[in-house]
Amino acid sequence: MLLPDQLKALWQHVEQQELSQDEFQSEHDRLLATSRDIWQGALCLEPHRDLPESLLAELGAYLHEDAAEIQRRCLHALASLKDDWERQVVPGDRRSVEQYYDASETLLYELTWWHTLSEDSTPLAYVTALQFAQQHGCRSYLDFGAGVGAGGVLFARHGFEVTLADISSPLLRFSRWRLERRALPARYVDLKNGGQLPGNTFDIITAMDVFEHLVDPVATLEQLWETLKPGGFLFARLAAEIDETRPQHIVQDFEPTFARLRTLGFTQVWQDDWLWGHRVFRKS
């Protein structure tokens, strides 16, 4: 069973008074720690053993900044991104949205800090996606909206053929640097510079916290359908709450996206209704 399913089943034992809430919490923490260890084991670089320390040191090495400055910028990144969005972006204008993501170095700080797990455990959904892919015999992997490449590092560490795609050239450059530093092979697609995803290529695609950022999520979904192999899987979270700190979340109504999923012939085969809310859809 995948982690969210394990926790949901455990809670049923609490409801049936077969397990105390303290016992549930203890097992919850143990299971989450197992996923955390997999994430940390993939991302940490020698000589570091601590995940935040390692990731901040890695970004510092890339940007030639000391650890204190990196952490300061990470802690202020969310507010800086909001300010930049409000100054630069014309709502609904694809070009200004693309320019925002392509020009922002601040995203390096914000995403790196998120992946330290210091704020929340959501990035561990990548570990759940990895385990799902392993259970279903997947080999070729695309991280769509790859960010700073952590998902690519995780999957490549476990023997997958990895492709990273993003609209941000700064993020792709950092991702490439990270994987090359670890001697991990991957392919890279810059989606805004005419980069095209190959057809019928991937066994599994992750789109982690991506769809809420898209000007046209339905068109993106069609693109992902084309690049998946028949029988391939899309692992994504198609949900976003209104968040005043994140004006980049420009989509809250995903019904058109779900409707297009159905007409394309995607079938939902799994849903995390306990932890983070991701779903898996299979291409017919």
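Any read-out appearing in this document is the output of simple, stated calculations on the displayed coordinates, not a laboratory observation. Worth saying up front: this structure is predicted, and the values here are computed from it rather than measured. Glycine also receives a Cβ, built like all others from the backbone with ideal geometry; neighbour counts cover every protein chain displayed.
Structure values in brief
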item: Trypsin sites (Lys or Arg not before Pro) restricted to region 1-63 and DSSP loop, no more than 14 other C-beta within 10 Å; result: Arg49
item: Rounded to 5, the percent of DSSP beta bridges in region 151-284 classed as antiparallel; result: 45
item: Relative contact order [Cα under 8 Å, 6+ residues apart], region 86-233, whole percent; result: 22
item: Inter-label distance for Lys8 and His136, nm, one decimal - labels placed 7 Å from Cα along Cα-to-Cβ; result: 1.5
item: Max mean-square fluctuation residue, GNM over the chain, Cα-Cα springs under 10 Å, options Gly151, Gly92, Gly232; result: Gly92
item: Fraction of antiparallel bridges per DSSP, the chain only, in percent to nearest 5; result: 30
item: Cross-link partners of Lys82 among lysines (Cα-Cα below 24 Å; sequence separation of 8 or more within a chain); result: Lys192
item: Hypothetical label at Arg181: residues of region 119-133 whose amide nitrogen lies under 13 Å (7 Å Cα-Cβ projection); result: none
item: Ranked list, fewest to most other Cβ atoms within 10 Å of each Cβ, for Thr263, Thr206, Thr220; result: Thr263, Thr220, Thr206
item: Sequence of Cys138, Cys44 once ranked by neighbouring C-beta atoms within 10 Å, starting from the fewest; result: Cys44, Cys138
item: Length-normalised contact order for region 1-159 - Cα pairs under 8 Å, 6+ apart - percent; result: 24
item: The chain - mean residue ellipticity at 222 nm from DSSP helices (-39,500 (n - 2.57) per run, n ≥ 4, rounded to 500); result: -16000 deg cm²/dmol
item: For region 51-115: relative contact order, % (alpha-carbon pairs under 8 angstrom, 6 or more apart); result: 41
item: Footprinting exposure proxy for Glu53, Glu244 (fewest neighbouring C-beta atoms within 10 Å first); result: Glu244, Glu53
item: Cα-based equivalent ellipsoid, the chain: semi-axes from gyration tensor eigenvalues, Å; result: 27, 25, 20
item: Net charge, Glu27 excluded, C-beta distance under 13 Å - Lys, Arg +1, Asp, Glu -1; result: -2
item: Phi to ³J(HN,Hα) by Karplus 6.51 cos²θ - 1.76 cosθ + 1.60 over region 202-214, Hz, x for Gly, Pro; result: 10, 7, 8, 10, 9, 9, 8, 6, 10, 4, 5, 8, 8
item: Cβ-defined net charge surrounding Thr106, 11 Å radius [Lys, Arg +1; Asp, Glu -1]; result: -2
